[in-house]
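Below is one structure; the comments refer to it alone.
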Amino acid sequence: MLPTVANVLELDVMRRGMPQVVAGADRLDRPVRWVHVSELPDVAGMLQGGELVLTTGIALPDDREGLARYVKELVEVGAVGLVVEFGRRYFDTLPRALVHAAEQRGLPLVVLRRELRFVAVTEAVHALVVNSQLEQLRASEAVHQVFNELAVEGAEPSEVLRQIARMAGLPVVLENLSHQVLAHDPAGRTEDELLDQWERRSRAVRPAGRTGFDPRSGWLVTAVGARGEDWGRLVLVGDPGAVPAEEAHPATMLLERGAATLALNRLLVRDRESLERQTHRTLLSGILTHALTVSEVALRAQALGVPLEGRRLVGVVLRRRGGQLPAALEAQARLRDFTELAASAARTSRLSALVGALDDEGVGLLIALGSQQDEHASLEAFAAALRRLVADGGGREVAQPVVAVGSSVGSVRDARRTLMEATQVADAALHDAPGARPAAYYRLPDVRLRGLLHLLRDDARLQTYVERELGPLLAHDAEQGSQLVQLLRVYLEQGRNKSAAADAAHLSRPSFYDRLHKVERILAVDLDQVESCLSLHVALLALDAVRR
């Protein structure tokens, strides 16, 4: 930072002159870019702004109008102060017209009651200025080095913001154009203090230009975007009055460099999920893993524009049906499209929801319903909107997804329960028979026995049951490379109709019958007995649950 007028007056070389401020005492925090010594009445034409003018006053005008014009010209050119030495022209007091003009114009006016060597003053101040400029160069180099490394590494927005907050010592927030928080670093402050009513506070700060400082709020704001398309704002949250409105904020370069890094990284990772989806995914993950407290989830969701408190919360999980898993990059692209489809369907249905990927194959939503929204109608509207988007080719989906819904809950504390239930329903529904599919979405009663088995899939007793019923047949398939377990599944799914099962298995009837007898010998069961077949069918469904 450049030295201020107040800093200059505190220098030992200036204190020897016994300085006294006679006007503009509230403007002593102006930065001094240079010291200029002149006795000319038209010195303003030689200045560029930011100078502290030293004079004995020997050539200053005598009349009131001339003195007022002298001060006016200094202010207009950007001089930050005027220092007049007693002993040559003035001895005890300055002309009242000069003092009045300086006070009216807000120009700091200082008298030196003892004679000084002006050259000593200029040397001392210029040394401070040069040192400040060197510090600025070092700081600039450090900033560019840090953010160049972040750009090359493709750092996540959270890491970029962490560096900005560390270097500025202030909280920083990345928001979208709707003033919803995408990422933030509180820099030691509480999240409540930083994010409370964020959208309302942010909308009130609209500085002119791409980068601007708002002295009323203490915020420094810069636009984030590239190629002429802005997609967000980066906000350094300072305290009101911390920096004068007319002074350039010292962290401007830091914030702009951080914004450029965020914009560059977004261009480089365009094929990855959007920042909104990343932030939603982080919140959903925090709910499921207990990584975030209830208050943190509620606060961050509120800042994202998804209020959760005082709402009925419904967990929804979407899964894609069947098919061979694509290559990793293609799978990532499909999941991204799938997530955006879900978010679009929620917007179309006018639902407030957190929407994000849960794993490599599924998308989760935590829908917040208002008191006037009917739960069933809202879910049906969402499912219908999703089906239309998929059918219209809005993504890379080739089959309608499974829509699974958990029981609604009344608080953020219970949000994990509804999401977990929706996940279990989705896993069970993936293997449901097409004819059993409900009109719009699955809930726990719709998956019936499969749902129960999926709830119990981690129970050692269920796993023991599977091994007891199917273990020998599973071992035989593993050793011989046969597919007798699948043959048994087809037989039971066809209602024990051997002819229909043989056709479904694409085998001749004698061949199918022969393999079915082999299953009976290996398992030591009679497949003509209803109870044996029921037990084996339950074991096959439990096997599906355990393998998931």
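The values are calculated or read from the model by the stated rules, or taken from the named source; none is laboratory data. The structure displayed is predicted, hence computed values, not measured ones. Glycine gets a Cβ as well: all are built from the backbone with ideal geometry, and neighbour counts include every protein chain shown. Heads up: the accessible areas ignore ligands, DNA and RNA and are worked out on the full protein's heavy atoms, side chains in. Shrake-Rupley method; radii C 1.70, N 1.55, O 1.52, S 1.80 Å.
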- Query: Using a Förster distance of 51 Å, how high is the FRET efficiency between GLU153 and ARG96, based on the Cβ-Cβ distance and rounded to 0.05?
  - Reply: 0.20
- Output the peptides 187-200, 100-113 sorted from most to least packed, where packing is the average of other Cβ atoms within 10 Å over each peptide's residues. 100-113, 187-200
- If R0 is 22 Å, what FRET efficiency do you get for GLN48 and MET253 from their C-beta distance, rounded to 0.05? 0.55
- Query: Pulled fully out, how much extra length does the chain show between HIS126 and GLU479, if you take 0.36 nm times their separation in residues and subtract their Cα-Cα distance?
  - Reply: 118.3 nm
- Note on the structure: Looks like region 71-127, by Cα gyration tensor root eigenvalues a ≥ b ≥ c and the a/c under 1.5 rounded cutoff (else prolate when a/b is bigger than b/c, oblate otherwise), is oblate
- Item | Kirkwood-type radius of region 1-94, with distances r between different C-alpha atoms, in Å | 13.7 Å
- Between the modelled labels at ARG496 and THR293 (7 Å from Cα along Cα→Cβ) the distance in nm is 5.9 nm
- Item | Mean residue ellipticity (222 nm) of the chain, computed from DSSP H runs ≥ 4 via -39,500 (n - 2.57), nearest 500 | -16000 deg cm²/dmol
- Query: What does the highest-first list of 537-546, 496-505 look like by mean Cβ count within 10 Å?
  - Reply: 537-546, 496-505
- Message: Place a point 7 Å from Cα of ASP359 in the direction of its Cβ. Which residues in region 282-307 have their backbone N less than 16 Å from it?
- Response: 285-286, 288-289
- Based on the alpha-carbon gyration tensor of region 177-229 and its eigenvalue square roots a ≥ b ≥ c, which shape applies: rounded if a/c is under 1.5, prolate if not and a/b is larger than b/c, or oblate? prolate
- Enter the accessible area per residue of the chain (Å², integer; probe 1.4 Å; all protein chains in place). 50 Å²
- Query: Give me the log10 of I(q) over I(0) for region 40-165 at q = 0.16 Å⁻¹, as the Debye formula computes it from C-alpha points; what are the numbers?
  - Reply: -0.81
- Message: Could you order the peptides 157-165, 69-77 from most to least packed, using the average number of other C-beta atoms within 10 Å per residue?
- Response: 157-165, 69-77
- If you stretched the chain out fully between ASP26 and ASP192, how much longer would it get, using 0.36 nm times the residue separation minus the C-alpha to C-alpha distance? 56.3 nm
- Once you sort the root eigenvalues of the Cα gyration tensor of region 146-203 as a ≥ b ≥ c, which label holds: rounded (a/c under 1.5), prolate (a/b larger than b/c) or oblate (the other case)? oblate
- Item | Net charge contributed by nearby residues that have their C-beta within less than 11 Å of ASN176 (K/R +1, D/E -1) | -3
- Quantify, in whole percent, the carbon and sulfur part of the accessible surface of the chain (1.4 Å probe; protein heavy atoms only). 49 percent
- Query: Where the centre of each part is set by its Cα atoms, how far does region 1-51 sit from region 471-534, in angstrom?
  - Reply: 98 Å
- So between LEU177 and ARG15, what do we pick up on full extension, going 0.36 nm a residue minus the alpha carbon distance? 53.1 nm
